[in-house]
1. Kindly indicate the residue of the stretch 144-175 that is polar (S, T, N, Q) and in contact (Cβ under 8 Å) with a residue 60 or more places away in the chain and also farthest from Phe12 (Cα to Cα) among those meeting that condition.
2. Does Phe87 qualify as being modelled with pLDDT of 95 or more and either in a helix (DSSP H, G or I) or under 20 Å from Ala140 (Cβ atoms) (or both)?
3. Quickly run through the stretch 47-82 and pick out the residues that are part of a helix (DSSP H, G or I), closer than 19 Å to Leu136 by Cβ and under 21 Å from the mean Cα position of the chain (by Cα).
4. Does Val100 satisfy the condition of being at pLDDT below 95, surrounded by fewer than 17 Cβ atoms within 10 Å (Cβ to Cβ), out of contact with any strand residue (DSSP E or B) (no Cβ under 6 Å at 6 or more places or on another chain) and under 17 Å from Thr236 (Cα atoms)?
5. Specify the residue that is modelled with the lowest pLDDT; the eligible residues are those in the stretch 177-203 that are surrounded by fewer than 14 Cβ atoms within 10 Å (Cβ to Cβ) and within 17 Å of Asn145 (Cβ to Cβ).
6. Need the failing condition index for Thr221 against (1) in a helix (DSSP H, G or I); (2) in contact with a strand residue (DSSP E or B) (Cβ under 8 Å, 6 or more places away or on another chain), just the number.
7. In the set Lys288, Lys302, which member is within 30 Å of the chain's Cα centre (by Cα), crowded, with 16+ Cβ neighbours inside 10 Å, at negative phi and not hydrophobic (A, V, I, L, M, F, W, C)?
8. Residues to consider are Gly219, Gly160; find the one that is among the small types (Gly, Ala, Ser), surrounded by 12 or more Cβ atoms within 10 Å (Cβ to Cβ) and within 30 Å of Thr134 (Cβ to Cβ).
Amino acid sequence: MRKIIHVDMDCFFAAVEMRDNPALRNVPIAIGGSSDRRGVISTANYPARKFGVRSAMPTSHAMKLCPHLVLVRGNMRKYVEASERVFEIFHEYSSLVQPVSIDEAYLDVTDSDLFFNSATWIAEDIRKKIFERTGLTASAGISTNKLLAKLASDFNKPNGKFTVPPDQIENFITRIPVERIPGIGKVTAKRLHEMGLKTCLDLQQYSASDMINLFGKFGETLYEFCRGKDEREIETEYERKSLGTEETYIKDISDLEEMKAHIKKMFAEVKESLADYDDRVIKNLHVKIKYYDFKQTTIERKLPFEEENFVMLLEERWLQDPRPIRLLGVGVKFEEEKTSEAPAFQLPLLTEAMA
């Protein structure tokens, strides 16, 4: 039976800032762009979360929820340095480490000789070492597969751990709300709630064929997940699937020529970044548009990587709905034909939250 640990750093970006500036430790803070520049919250510490401040929330809305919120401009270089130190620790305990993001990873310690092969003790030592070397706290979930470890890591946050042993899996999974199952978004969760399905126990009344009829291919996965079953392996190989950048504007843009100028600028940025991926084959180009009312649309086509093609995609899509826009993005998708060693994390060229 496998032994999987899921480690998730506690409010990572905010925690780094609180570590480096003690004056921020006991006040609500959030990382993100300013409200007058249409910023978006990247993360918030726990005092801020008590007011409802969440990641991906417009900064202007976060300030309404928490008027005394301290907004901190993000420093990605500092976060990367902290993440590298954390992932160095992970690799001291296992060669099977799967990065999920800059602050989160799975470890397979099934064959570890450490701590008499106790995954719980290993997880505790990892958390201890992270704090000693970085001054940051982490939460951990321990169980027999990735799904259960991921769910367990949320149970004693922040700065805690939770183990789901084999004989407690059924009792644990039946109480899990459906919206916490990976892959279930707001739309699917709402649909399930309307059907009277609120927990994994509720979902277990359906057969595999029922699930497939209701949810298509995802129904197969859902049938397994609601029973605590997950056969996914730890993936130590990484293949980048896309590359792109985007910009959020202080004022809405209504002029097509101005939009084209921004598209050309972003094309140059992506072209420069592609120099690091000259062995990859581009599959599709895409352009993203977010309107003033936050509604967004994306157009994607199989076209040569040329500036005029991005401009053409912008023009085609925007003319179908010519309203003021607040954000533009461009990017490429790669053919799935090459894998490489997984880095400690993978960062986008630009995050809207930091823009």
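The values are calculated or read from the model by the stated rules, or taken from the named source; none is laboratory data. Note that this is a predicted model, so its numbers are computed, not measured. Note that each Cβ is placed from the backbone with ideal geometry, even for glycine, and that neighbours are counted across all protein chains shown.
1. Thr144
2. Against the criterion (modelled with pLDDT of 95 or more and either in a helix (DSSP H, G or I) or under 20 Å from Ala140 (Cβ atoms) (or both)), Phe87 qualifies.
3. Residues satisfying the conditions are Ala48, Arg49, Met76, Arg77, Lys78, Tyr79, Val80, Glu81, Ala82.
4. In short, yes.
5. Gly183
6. (2)
7. None of the others qualify; the one that does is Lys288.
8. Testing whether each residue is among the small types (Gly, Ala, Ser), surrounded by 12 or more Cβ atoms within 10 Å (Cβ to Cβ) and within 30 Å of Thr134 (Cβ to Cβ) leaves just Gly160.
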